[in-house]
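Any read-out appearing in this document is the output of simple, stated calculations on the displayed coordinates, not a laboratory observation. All figures in this text were calculated on a predicted structure; none of them were measured in a lab. We place every Cβ from the backbone using ideal geometry, glycine too, and count neighbours over all the protein chains shown.
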Amino acid sequence: MTESVRIQLSVNGRAVDAQVEARLTLADFLREELNLTGTHLGCEHGVCGACTILVNQDPMRSCLMLAVQAEGCEVTTVEGLSQPDGLTDLQASFRQHHALQCGFCTAGMLTTAHAFLQRQPCPTREQACEAISGNICRCTGYIPIVDAILGTAQARQARQDGGAA
């Protein structure tokens, strides 16, 4: 018989109180229990990055984390990054730079890029490449993704510089 554990956490700004099996992965909890299917499951070994979410603002592979390990944490999925009135600047940049392709890696790339830009608002191309190096994309060749990240950073800097004048 599998042990059941009560967890309390915040998911996309919403308090969640749930009873889960002790061995349930966070990815499966998000997808199956909370219906947040933007978190994709690719390899289920932490290699591909498709399941990347933010746990307390840090990118994490949700397939490698048990739901019980998220007790008391703030979890943000790709759904939590979106805006009710349209695309975020990062999402719009992904579209503008054709960084979407098949879309399977996109949620993990967006959450990884979001966290990266929070920490490094003016990155170099090399830093952007390093930031997404743990996420596998089979379609784009990475150049459009890096261009989207750099385009977002440049647009944010231009807004900031324009607002300071």
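As a length-normalised measure over Cα pairs under 8 Å and 6 or more apart, the relative contact order of the chain settles at 22 percent. Were the residues from Arg119 through Gln69 laid out at 0.36 nm apart, the gain over their Cα-Cα distance would be 15.6 nm. Dipole size of the chain about its Cα centre, with +1 on Lys/Arg Cβ and -1 on Asp/Glu Cβ: approximately 400 debye, rounded to the nearest 20.
With θ taken as phi - 60° and the Karplus curve 6.51 cos²θ - 1.76 cosθ + 1.60 applied, the whole-hertz 3J(HN,Hα) list for region 3-13 is 6, 10, 10, 8, 10, 10, 7, 10, 10, 6, x Hz, x standing for glycine and proline. Ranking Gln69, Gly46, Gly13 by how far each Cα lies toward the positive end of the dipole of region 13-105 (charges on Cβ) leaves Gly46 at the top.
Annotation for Glu32 and Val5: the two label points, set 7 Å from Cα along the Cα-Cβ direction, are 1.6 nm apart.
Across the alpha-carbon set of region 1-92, the Rg to Rh ratio works out to 0.98, Rh being the Kirkwood radius. Each part gets one Cα centre, and for region 50-65 versus region 27-45 those centres are 11 Å apart. The amide H of Val20, built 1.01 Å from its N in the peptide plane, has Val5, Arg6, Ile7 as neighbours under 5 Å, considering only residues 5 or more places off or on other chains.
Taking the longest Cα principal axis of the chain as reference, the axis of helix 106-119 is set at about 70 degrees. Over region 85-165, the alpha carbon radius of gyration divided by the compact-protein estimate 2.2 N^0.38 Å works out to 1.05.
Residues Ser10, Ser4 in ascending order of nearby Cβ atoms (within 10 Å, fewest first): Ser4, Ser10. Dividing the summed helix terms, -39500 (n - 2.57) for each DSSP H run of n ≥ 4, by the number of residues in the chain produces a 222 nm estimate of -10000 deg cm²/dmol to the nearest 500.
The length gained on full extension between Gln83 and Asp17, counted as 0.36 nm times the residue separation minus their Cα-Cα distance, comes to 21.3 nm. Candidates Thr37, Ala92, Ile136 compared by Cα position along the dipole of the chain: farthest toward the positive end lies Ala92, with charges placed on Cβ.
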